[in-house]
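This report refers to the structure that appears directly beneath it.
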Amino acid sequence: MNKLQTKHFSVTILPPATVYHPVDGRKYTFILSDHSSNRYLAIGYKYALNLLNVHHDQEDILTAEWRPELGEYVMKGNICLSDKENDVFAVREKLKQYEKMLPEAISFIIHADRSFYSHVPWLLDAPIYMEFTSLDRHVRTTQYMGTPRQYLNNKKTQASS
């Protein structure tokens, strides 16, 4: 898996979503291409299923959404770790690659939507959790990934423009 690069990164806000809304259920679909260095981020009320259908076999997909949970907002994300041959070792290797790449991918998502946070500043300190799902129960895990404020302020995780 390559290091993420900003020059091959496109962001689309899918109407009727805007930089102001929605807050509840604001969804992110982040596509990481296996065959090129292109990255696509769609922000909207729904996951960008058209992107998922077109690229599913060739891409790695990170989905995330803002939602209220137990009285606070959280961003919950998901990455499906699968291997066409159900190779347990390949899935575990993929998990290791994602764990290295994930902070930068989350940084891209947060930075791409930074105008949104100026309108909903209470989300700046909301937790971000990423769940890895797989047929292999040993790699199923949920990890705390920090807060949007940490990604906006941390120079190491910021995407270089």
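The residue that is modelled with the lowest pLDDT, among those in segment 5-41 that are more than 17 Å from Tyr117 (Cβ to Cβ), touching a helix residue (DSSP H, G or I) at 6+ places or on another chain (Cβ under 6 Å) and surrounded by fewer than 16 Cβ atoms within 10 Å (Cβ to Cβ), is Ser37. Residues in segment 99-119 that are touching a residue at least 60 places away in the same chain (Cβ under 8 Å) and crowded, with 19+ Cβ neighbours inside 10 Å: Ala105, Phe108, Ile109, Ala112, Asp113, Phe116. Here segment 122-154 is the region considered, the condition is being within 21 Å of Val11 (Cβ to Cβ) and surrounded by fewer than 14 Cβ atoms within 10 Å (Cβ to Cβ), and the residue that is modelled with the lowest pLDDT is Asn154.
The values are calculated or read from the model by the stated rules, or taken from the named source; none is laboratory data. Just so it is clear, the model here is predicted, and its values are computed rather than measured. So basically every Cβ, Gly included, is an ideal-geometry build from the backbone, and we count neighbours across all protein chains shown.
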